[in-house]
Structure formats: C-alpha cells, structure tokens
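Data first, discussion second: the structure below is written as structure tokens.
All of the numbers you see were taken from the coordinates with simple rules; none came from a lab. Computed from a prediction, not measured in an experiment: that's the story for all the values here. Reconstructed Cβ throughout: ideal geometry from the backbone, glycine too, with neighbour counts over all protein chains shown.
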Amino acid sequence: MKSIKYMLIAFLCLLFSSRTSAQMNAEDPYESFNRSMFELNIEFHDLVGKPIGKSYKKYVPQPARTGIHNFFINLKMPLNMTNNLLQGEVEQALGDFMRFTINTVFGLGGLLDIATPAGLPYQKEDFGQTMYKWGLWKESSFVVLPVVGGYTFRELVGSGVDGGYNPTYNYIIQTDMQGRTKILVADQFDNYVQVMDLIETVKDSYDPYIFYRESYLQYRNNLIYDGNPPKPDLDDFDFN
C-alpha cells in the first residue's frame, strides 16, 4: 500500500512539474504566506511530530493503531451521510448508514471495519464538497495553516460548518466542547500518522511546496468528483 502511495505522489510531481509558473501562481495567490507556513510545518514535523509519531508506532501495536483509525472513520459516517443527502446522493447516503450500522453493531463500536470487505468502502464527503456541487463556490484558493496544513478556502469554511452541525456530536456522542476538541486532536493525529512517511518523500522533491500543493489539490479534486475527475485539458500544460 505504501509503495502505491509513493508511486502516486511521484506521478503527480511529474505531471504538474510541466505547468508554467504563471499557471501555478494563478491558483495560489497567497504563495508567499503559504510557503512560510509550509516551512514552519516542516520544522514542526521534524522537531515534534515525527518523534511523537515514531514513538506511537513503536509502542502501540499495529492492530491497535488500525482499530483506532477505524474508530475515527466510523465517527465520520453520520456527517458523511448528511453531506451525501445534501448533495442529492441518496444511494451513497444509504451506504453510509449501512456502513455505520454494521461497523458500530458488529465491529465493536467501529474498531473493526467489517463494512469495507462487504462492499461498503469509506468515501469522504464534507460540506466543502457539498458547496462545490451546489455551485456556490466553484473556484477556491489554496492556503496553508500552521500545524494543521493545507486547505482550500472552500474546504476550510465547509469544515467550520461540519464542526458546528456534526450529527455525531448532536445525536450520538454526548460531549461538551472540550470533549469535541480532544476527539478532533486525536483524529488529526491519527490522520498525521497515516501520511507521516510521505512527508519525507515531499521533502526530497525538487520544490517541496509545489509538490505538496499540487498533490493536495489533486486529492481534493478527486474527492469532489468521487474518484473520477475529468481529464486535464492538454492546453493547460507546457510541453516545450
């Protein structure tokens, strides 16, 4: 699995490295700020994140880490279902409901992922994607925030809406804002551990920031189109 991720990032790097500087900058009006935040985040990774992440991997067995990862994904399913309904994707929303029910009831509260082998894989949906599909925010700039990393502005606003109206907290887990914050931090750390090794690949690229930005924008594009984005127009590339 890791080898596939490395190959994907390498392919994205080669693909987008042929764009002109003007085309790059047109998608990144805050590049100067973003680069400074990117460098800050790399330093945080080297000094804080990587040592903690390595210790976590060393002392927490793989089955336990997998169970924790599955648990956090399961918590996202009610929100996933809500966004699929808002997008008019009734079939996908029903799949989210079935996945959440199966993994919660038969997967020890979500620690075991029984639904994916049963044909109900996880497909991330958020309010940023919902706004795009509503046609409310077709173009969105890239921004890098300290510690938490890259976002599009549409995704950033959408995450605020998702956080405020997440049905998981409103109807399933009874907790206060402090409890929500703890869950969010733990979830973000789990996400970080999943991609921690890839950061080293990004650092070794010719221009790590461009590598990171274009890979992230491609990732968001894939989410918006449910894994089937339109093919890029050849006119967008410079083959000279």
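Placing dummy labels 7 Å off each Cα toward the beta-carbon, the span from residue 157 to residue 39 is 3.1 nm. Largest mean-square fluctuation among 130, 101, 82, in a Gaussian network model of the chain whose springs join Cα atoms under 10 Å apart, belongs to 101.
Given R0 = 30 Å, the distance between the Cβ atoms of residue 46 and residue 182 translates into a calculated FRET efficiency of 0.75. A Förster distance of 22 Å, applied to the separation of the beta-carbon atoms of residue 105 and residue 64, puts the FRET efficiency at 0.55.
With the simple model of a label 7 Å out from the Cα in the direction of the Cβ, residue 90 to residue 189 spans 4.3 nm. Of [x] 0.99; [y] 0.93; [z] 0.96, which is the value of Rg/Rh (Cα atoms, Kirkwood Rh) derived from the coordinates here? Computed from these coordinates, Rg/Rh (Cα atoms, Kirkwood Rh) corresponds to label [z].
For the chain, the longest principal axis of the Cα atoms and the long axis of helix 208-224 meet at an angle of about 50 degrees. Put a dot 7 Å past the Cα of residue 54, heading toward its Cβ, do the same for residue 173, and the two dots end up 3.0 nm apart. Compared with the dominant principal axis of the Cα atoms in the chain, helix 90-106 is inclined by about 60°. The GNM of the chain, with springs linking C-alpha atoms under 10 angstrom apart, assigns the highest mean-square fluctuation among 104, 66, 152 to 66. For region 26-122, a crude dipole built from +1 on the beta carbon of Lys and Arg and -1 on the beta carbon of Asp and Glu, taken about the Cα centre, is about 640 debye to the nearest 20.
The angle between the Cα long axis of helix 31-44 and the longest principal axis of the Cα atoms of the chain comes to about 60 degrees, rounded to the nearest 10.
Using Cα pairs under 8 angstrom and six or more residues apart, how large is the relative contact order of region 89-149, in percent? Normalised by residue count, the contact order of region 89-149 is 20 percent. Stretching the chain fully between residue 206 and residue 165 yields a gain of 10.7 nm (0.36 nm per residue, less the alpha carbon separation). Between the alpha-carbon centres of region 165-209 and region 40-116 there is a gap of 10 Å.
In the Gaussian network model of the chain, springs joining C-alpha atoms below 10 Å, which of 207, 226, 176 carries the largest mean-square fluctuation? Highest fluctuation among the options: 176. Taking R0 as 22 Å, what's the FRET efficiency between residue 231 and residue 138 from their Cβ-Cβ distance, rounded to 0.05? With a Förster radius of 22 Å, E is 0.75.
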